[in-house]
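Input: a single structure, listed below in structure tokens.
The values are calculated or read from the model by the stated rules, or taken from the named source; none is laboratory data. What you are looking at is a predicted structure, and each value in this text was computed from that prediction instead of being measured. All Cβ positions, glycine included, derive from the backbone under ideal geometry; neighbour counts span all protein chains shown. The protein model used for the area step is the full one, side chains on, heavy atoms only, and it has no ligands, DNA or RNA in it. Shrake-Rupley method; radii C 1.70, N 1.55, O 1.52, S 1.80 Å.
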Amino acid sequence: MTSMETAPTEGGIASRQIGRSLNRLEARAKVSGRADYIHNLSLPRMLHAKIFRSTVAHGRIVSIDTSAAREADGVYAVFTAHDIMRVMPEPYFGPAFHDQPILAVEKVRYIGEPVAVVLASDPHVAEEATHLIMAEYEELPAVFNEVDAASSDVHVHDALKPAGTFPDLKHLAGRKATNVALDFRVRRGDVDAAFASAAHVLDDTFTTQQVMHTPLEPMVSVAEPGENAGTLTIHTASQSPSFVRIEIARLLGWAENRVRVRVGLLGGGFGAKLYIKLEALVAALALLTRRPVRVALTMEEQFFTITKHATTFRIQTAVTADGRITGRRCEIWWNGGAYADIGPRVTQKSGFTASGPYDIENVSIDSYQVYTNLPPAGAFRGFGIPQVVWGYESHADMIARKLGIDPVEFRRRNILREGRPHATGTVMRDAAISQVLERVTERMNWQAPFERGSGTVRRGRGIGIGFKALVAPTTSVAMVSLSADGSCTVYSGTVDMGQASDTAIALMAGDVLGIDAENIKVIRPDTDCTPYDMATLGSRSTFHMGHAVRLAAEDARAKVRQLANELGAPFDEPARVGDLLRLKHGMQAGNIVGIGSFMPPYAKPDNETGQSENITPNWMVGGTGVEVEVDTETGHFRLARFENVVDCGTPINPTVVDTQISGAAIMQLGITMFERMEFDSLGQLRNASFAEYKIPGIHDIPDAVGREAVDAVQGNGPFGAKGVGESSTFGVASAIAEAIEDAVGIRIKSLPITPEVVYRALCESRNEPLPEE
Amino acid sequence: MAPFELETPESLREAIGLLDPDDPDIRPVGGGTAIMLMMKAGVLRPRRLVSLRGVEPAYSRITVGAEGELLIGGLTRLAELEHSPLVRQGWPLLSRTLRTLSNVRVRNVATIGGNLAHADPHMDMPPVLSALGAKVTVTGPQGVRTLAVEELATGYYETVLARNELISQVTVPAQAGRPAAYMKVTTRAAHDWPALGVAVLLDMQGERIANASVIAGAATDRPTRLAEAEAILRGALPEQATLRRAGEAGAAELDIVGDPHGSASYKKHLLTVYLGRAVRVALDSARNKENA
């Protein structure tokens, strides 16, 4: 819960809260070590479970010998899928497909998949005993590359099992003999004709690598049998407590109200802690043992739990001689790993934006979610958008170069403007794409002469822009309670994972009610008392929960007015509710409770054409400009300038908007420059540790990170706002690739762009290739 | 992690007595920064750890000897070495290198003796101390012996030390204003282990290099002296072509293997570039000091 350090303003009515630059309400609790993280939770009689994992990428389980582990000193129990099925007969979970077993059943599908667990009071004893488990597998051929897997005879699953949660996926039920879990398409205009009559056709393929979210608080869940039989409390570091409750209830065949899911602050999420991760496992273990059970992953184990899709993106573009894009074909293969997680939604929601923020009459998009024998991929800050922007913006720069047009000017000629239809047919509203492009350009001082360096240090620059459709349709519900002393409590299911959502919620409720945000208490998600929220993902909370909180606060306000009318008292401000309640009850008693529920309108895209009148409630826009210095002798490069601009509508809390812009841009910088999960030919991950998987440190970040939110208003947003957590990831990668080409004349089409990659390309451009080994 | 005994002796002699030359499951531990990671990863499963924290403070002192040599107790924390005014004045190469060695949390606890005895080839101190001609004093049950830092490592995590010998002192000859540099070349994040480390120490005779001490680290399984490169530099003017030739000779004499930091051919190329850069940086920093 949010601690309140400042004294309430005595009787005063607060001025507007929206637009205040406010530090996080929990900042003091965090830096003084008092903040509530599930990681610190310890319960009486709690058992620790450690996971035994598959050592083969694809195989039938012949036998699992747990006898030695069971007999080890201090071991309480060892369980496999057979035990799980005693409490969950159909032990498969997943938000999009019910394809993922809690522990492997009959088959294993990637190296690192959970196969068995050891429980003990001492986590070290449990961990040691996992080494005593022996599993025998009949190995099967495996597939790793997303393009190969799409047409391979090796099938990761026998049949597709859509969950039924998302209406867009229902048609896939029962499909067999395929690794393609979803084939989403967009068709608009006559693409073949556009290509036949084009002055130029460009055809390029871009790839991205598999990476991991690396939240610094690794995943942790604790399940506790309730005081009444047939109830369960799950304490978990989750971004989606409501979904956890629904899914656990489904697995157990229970009513939702028998499961309580409670969340603390999260030490980072970035999409890793969405839907179900460890919760189904701890729930089953707590029911089997009738004791609290904790599963806390190590940093290393997170790499085997959820990742970001590697992709292959083939993009073909038809252009006129003067640089107008007339047609575009996009084919994207998403490497989903062994289980779908939310991958099919990523494939669809990012897939339909793959032709870019450009006004193109003729578009064809095919977006394939593909099963492989690698760790599963799901949501990752950007929800697939950074992968498609990398392709379409790199391609834009290559077209501009081929045509000899300035890259900014090329974008201006093609940009998707207000009131024009997007490739899905949805008409653009409140998407400040042009404005973002122009502000990036101005911040880069694009028109001024540019110093290109000399000798072994060459300089170049590039810009990139991208957009994202807010994931729809989803629901948020919130409650606002005013007490008889006038103080305010907000009940919301939004999870604060570092993005300062508690502070934003307090600002929004306070704005409606005339109360300073510092004096509002925001209750952390607990499904026993906070109402439903779809999840904290995809920059949806500001918009959806923002509306729900606004509606709840307005509802409370209306009730205060009604109470004033009933009492014949003057209605002043809702913050004066205490006077009214005292008048009514004759003492300090009673509450006013406001409720808000929000789901934006949405029109499902046509299955054949992807066309929709209203595919999203809003578009989030981000652009980046960089200047790089390349060391031509080694391929090392550094960013000399890093400008990031977003359209987030009205900033609710400018301080936090600022840090979301820099944080997202830096995260994408690491993915662009060095992050990569490295697998050997057997599908074994070779760098599952921070010693060998590198994320950016302070010395990798440019001295200055430019940050700006353009002056824009989201007409249908709460207080004119929309999300901002992902937008500055969009343009980073392609801008760097373009700046490198601008500096030294080589084009990199695959991430990450390491010094060796650059140096090898330089050697090749001189016709002196460096030996492979 | 498996259970283990933790011994906390109060003297070096006692610590040595708790070690066993024939038992690989008994390990000394200084700062513990490397050993704890290996234990957590399950690659090291010791039965007994002998903590050196309680041994006599004499083994963590930094002093200057009669001949102007730097005497560093084996248990001196890297951070103390980094911030020592003595070191900063007399051995600026050490101070500069320590600033980019791992991170401040590691430097605050890791010891110089443990650093050298660990013999991970990616470490920065072994090539730097080797270039400076440093020696280690090794104490065992039979007494002390002295050997060059350069002779310490025999391979990946392997040294000439017996299991019951401890590095009790490191002796570094006076840098005496001689130009020196260490180039730490990373290919992923800046805080990564280096793909290549190049340490040089130059004896100058006017504009000419009278003698060069050149050690490559990280790219091979132990720090290696580049004798061919040294021969080319000896008596030469530090001109671009000569430096390039020295770099190429250095790359040719090294058996480099590829790893996730870079392919063998790329790391060889880095050496051809960075050997010359190390010489230039050494000369520039010495010159700047004169001007300062």
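I need the peptides A:395-403, A:623-631, A:55-63 ranked by packing, meaning the mean over residues of other C-beta atoms within 10 angstrom, with the highest value on top. Spell out each step's value before the answer.
On the way: A:395-403: 19.8, A:623-631: 27.1, A:55-63: 17.8.
Packing proxy ranking, top to bottom: A:623-631, A:395-403, A:55-63.
Counting Lys and Arg as +1 and Asp and Glu as -1 over every other residue whose Cβ lies under 11 Å from the Cβ of A:Val628, the net charge comes to -1.
Of the heavy-atom accessible surface of region A:187-313 (probe 1.4 angstrom), what whole percent is carbon and sulfur? Of all accessible area on region A:187-313, carbon and sulfur atoms account for 48 percent. Over 27 Å apart at the Cα level, from the set A:Lys50/A:Lys170; A:Lys30/A:Lys277; A:Lys402/A:Lys694; A:Lys521/A:Lys584, are A:Lys50/A:Lys170; A:Lys402/A:Lys694. Once the chain from A:Arg60 to A:Asp406 is taken as fully extended at 0.36 nm per residue, the excess over their C-alpha distance is 118.9 nm.
A DSSP coil position with no more than 14 other Cβ atoms inside 10 Å describes the following trypsin sites (Lys or Arg not before Pro) in region A:209-312: A:Arg290.
On a per residue basis, region A:603-693 carries 30 Å² of accessible surface, using protein heavy atoms and a 1.4 Å probe. Kirkwood analysis of the Cα pair distances in region A:147-244 returns a hydrodynamic radius of 19.5 Å.
Shielding of B:267-277 by partners, i.e. mean partner chain Cβ atoms within 10 Å per residue? Intermediate results must be reported in sequence, preceding the final value.
Working: counts 1, 2, 9, 7, 0, 1, 6, 2, 0, 1, 2.
Other-chain Cβ atoms within 10 Å of each residue's Cβ, averaged: 3.
Projecting the Cα atoms of A:Val259, A:Thr489, A:Ala721 onto the dipole axis of chain A, where Lys and Arg carry +1 and Asp and Glu carry -1 at the beta carbon, places A:Thr489 farthest toward the positive end. Summary value for region B:19-129: 24 percent relative contact order, contacts being C-alpha pairs under 8 angstrom separated by 6+ residues.
Each of A:Asp703, A:Asp555, A:Asp533 has its accessible area taken with a 1.4 Å probe; listed largest first, they run A:Asp703, A:Asp555, A:Asp533. With the simple model of a label 7 Å out from the Cα in the direction of the Cβ, A:Arg258 to A:Asp572 spans 5.1 nm.
Each stretch of four or more DSSP H residues adds -39500 (n - 2.57); spread over every residue of the protein assembly as shown, this sum gives -8500 deg cm²/dmol at 222 nm. Among the GluC sites (Glu not before Pro) in region A:395-451, those located in a DSSP loop and surrounded by at most 15 other Cβ atoms within 10 Å of their own Cβ are A:Glu418, A:Glu451. The orientation-averaged projected area of the convex hull spanned by the Cα atoms of region A:301-409 comes to 7.1 nm².
Once the Cα gyration tensor of region B:18-72 is found, what semi-axes does its equivalent ellipsoid get, as square roots of 5 times the eigenvalues, in whole Å, sorted largest first? Present the calculation step by step, with values, prior to reporting the outcome.
On the way: eigenvalues 177, 35, 21 Å².
One finds semi-axes of 30, 13, 10 Å for region B:18-72.
After finding the eigenvalues of the alpha carbon gyration tensor for region A:618-773, what semi-axes result from the square roots of 5 times each, listed largest first in whole Å? Don't skip to the end; give the middle numbers.
Working: eigenvalues 223, 69, 35 Å².
For region A:618-773, the ellipsoid semi-axes come out as 33, 19, 13 Å.
With one equal scatterer per alpha carbon and no solvent term, the Debye-computed log10 I(q)/I(0) for region B:84-186 at 0.15 1/Å reads -0.63. Size descriptors for region B:1-120, from the alpha-carbon set: Rg then Dmax equal 15.5, 48 Å. Where Lys and Arg each count +1 and Asp and Glu each count -1, what net charge lies around A:Arg766 among other residues with Cβ under 13 Å from its Cβ? That sum, taken over residues with Cβ under 13 Å, equals -2. The heavy atoms of B:Arg244 present about 90 square angstrom of accessible area, all protein chains included, probe 1.4 Å.
Looking at region A:604-654, the pairs of alpha carbons with a distance over 16 Å make up 68% of the total.
Peptide B:36-49 is shielded by partner chain Cβ atoms: per residue, an average of 1 of them sit within 10 Å of its Cβ. Over region A:500-593, the reciprocal of the mean inverse Cα-Cα separation, the Kirkwood hydrodynamic radius, stands at 14.5 Å.
If Rh is defined by the Kirkwood formula over all Cα pairs and Rg also comes from Cα, what ratio Rg/Rh do you get for region A:36-99? Don't jump to the answer; show the numbers that get you there.
Values: Rg = 15.5 Å, Rh = 15.2 Å.
Over the Cα atoms of region A:36-99, Rg/Rh equals 1.02.
Electrostatic tally near A:Val180: other residues with Cβ closer than 13 Å to its Cβ, Lys and Arg +1, Asp and Glu -1, net -2. Computed over protein heavy atoms with a 1.4 angstrom probe, the accessible surface ordering of A:Ser15, A:Ser689, A:Ser476, largest first, is A:Ser15, A:Ser689, A:Ser476. Shown for region A:439-592: the carbon plus sulfur share of the solvent-accessible area, taken with all protein chains present and a 1.4 angstrom probe, equals 47%.
Report note on the peptides B:264-274, A:544-554: ranked by the mean count of other C-beta atoms within 10 Å, highest first, their order is A:544-554, B:264-274.
Based on protein heavy atoms only, region A:292-430 ends up with 20 Å² per residue of surface accessible to a 1.4 Å probe. Per residue of B:258-266, other chain Cβ atoms within 10 Å of the residue Cβ number 5 on average. Distance from the Cα centroid of region A:126-203 to that of region B:54-72 is 64 Å (rounded to whole angstrom).
Computed with a 1.4 Å probe over protein heavy atoms only, the accessible area of A:Ser454 comes to about 90 Å².
Highest mean first, the peptides A:373-382, B:107-116, A:747-756, A:162-171 sorted by other C-beta atoms within 10 Å per residue fall in the order A:373-382, B:107-116, A:747-756, A:162-171. In region A:492-649, the inverse of the mean reciprocal separation of distinct Cα atoms equals 19.5 Å; this is its Kirkwood hydrodynamic radius.
For chain B, the relative contact order is 15 percent, taking Cα pairs closer than 8 Å that sit 6 or more residues apart in sequence and dividing their mean separation by the residue count.
Could you do me a favour and compute the accessible area per residue for region B:1-59, 1.4 Å probe, result in Å²?
Working: 3320 Å² over 59 residues.
Roughly 56 Å² per residue, with all protein chains present.
An ellipsoid equivalent to region B:129-203, defined through the eigenvalues of its Cα gyration tensor, has semi-axes of 27, 19, 9 Å when rounded to whole angstrom and sorted largest first. Put simply, chains A and B cover up around 2100 Å² of each other's accessible surface, both sides summed, when a 1.4 Å probe is used. When the alpha carbon coordinates of the protein assembly as shown are projected onto the principal axes, the ranges are 96, 74, 67 Å, largest first.
In percent, what relative contact order does region A:605-757 have, based on Cα pairs under 8 Å that are 6 or more apart in sequence? For region A:605-757, the relative contact order is 37 percent.
Using a Debye calculation, one point per C-alpha and no hydration shell, please list log10 I(q)/I(0) for chain B at q = 0.08, 0.11, 0.12 Å⁻¹ in order. So the normalised log intensities work out to -0.34, -0.64, -0.76. Largest first, the residues A:Asp516, A:Asp711 sort by 1.4 Å accessible area into A:Asp711, A:Asp516. If one computes P(r) from the Cα atoms of region A:393-499, what percent of pairs lie at distances over 24 Å? Pairs farther apart than 24 Å: 53 percent.
Share of antiparallel DSSP beta bridges in the protein assembly as shown, in percent to the nearest 5? Looking only at bridges with both residues in the protein assembly as shown, the antiparallel portion is about 80 percent.
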